[in-house]
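The values are calculated or read from the model by the stated rules, or taken from the named source; none is laboratory data. Just so it is clear, the model here is predicted, and its values are computed rather than measured. All Cβ positions, glycine included, derive from the backbone under ideal geometry; neighbour counts span all protein chains shown.
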Amino acid sequence: MEDTVKTQSRPAGRPRDEEATPALLDVTRRLVGEKGFEDVTIASIAAAAGVGRQTIYRRWSSKAELVLDAFLDSASHQEVVADGPVAQVLERFLVNLFDNIRRDGPAIRNLIASAQTDDSFLQIFRERFVLPRAQVAVAIIQRGIARGELSSGIDLEMMVDALHGVFWYRLLQGRPLDETVAARLSLFLTGAKN
């Protein structure tokens, strides 16, 4: 009779420290806030977090991806509230978006620049940052159309592009993104009734 020995396979190397991820995100946010995107390196993040660079590279393939994750991790998430006029719902969405962006605007500008020069990061940035926000805006606008608050003939894609165009333009120009801008933009966009 043959004896069979069952062995459990485990990944090579040390076990992955799951607590390292939130710590790395916190350190990244802090360093980018203190020094700016350009002056932060993977090595400086690793040193501040007390880990090796490989710990970071096992999780993220670039500094831009790490900073994006750190930003997304800190961004507050807002459920789309169905109650209220579309202008108010859109304004609440914009205030939340602008609050998150205002806090991390310089890092976001650098992420946009990275997306322009790195096709693989561009895809990640679109999927994880741009698309989810566009989907929320589309849902709000569609709700306004369904309620008769917005014309059924409006160009949904152009309306979402206009919303994001104002946001990106003001961000890149260093112009205010505040509650006043959110209210004005919401009123402008929802004035497209008939």
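Descriptive notes on the structure:
- In segment 88-104, the residues that are assigned by TED's automatic domain parsing to the domain that holds residue 150 and under 11 Å from residue 181 (Cβ atoms) reach residues that are crowded, with 18+ Cβ neighbours inside 10 Å and of a type in the set (Ser, Thr, Tyr) with C-beta atoms within less than 8 angstrom, at least six apart or across chains, in these pairs: 91/186; 94/186.
The rows are residues; the columns are (1) closer than 25 Å to residue 74 by Cα; (2) surrounded by 12 or more Cβ atoms within 10 Å (Cβ to Cβ); (3) touching a Gly at 6+ places or on another chain (Cβ under 8 Å).
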residue: 123; (1), (2), (3): yes, no, no
residue: 136; (1), (2), (3): yes, yes, no
residue: 141; (1), (2), (3): no, yes, no
residue: 145; (1), (2), (3): no, yes, no
residue: 155; (1), (2), (3): no, no, no
residue: 159; (1), (2), (3): no, yes, no
residue: 164; (1), (2), (3): yes, yes, no
residue: 173; (1), (2), (3): yes, no, no
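- Per-region count, segment 23-49, residues without any contact (Cβ under 8 Å) to a residue 12 or more places away in the chain and farther than 19 Å from residue 106 by Cα: 3
- Look at (1) under 19 Å from the mean Cα position of the chain (by Cα); (2) part of a helix (DSSP H, G or I) and you find that residue 177 fails only one, number (2).
- Verdict on residue 110 being closer than 18 Å to residue 163 by Cβ, out of contact with any Pro (no Cβ under 9 Å at 6 or more places or on another chain), assigned by TED's automatic domain parsing to the domain that holds residue 175 and in a helix (DSSP H, G or I): no
- Evaluated against (1) surrounded by 14 or more Cβ atoms within 10 Å (Cβ to Cβ); (2) not in a helix (DSSP H, G or I), residue 151 falls short on exactly one condition, (1).
- Every condition in (1) surrounded by 13 or more Cβ atoms within 10 Å (Cβ to Cβ); (2) outside the structural domain of residue 132 (by TED's automatic domain parsing); (3) assigned to a helix (DSSP H, G or I); (4) modelled with pLDDT under 90 is met by residue 37 except one, and the failing one is (3).
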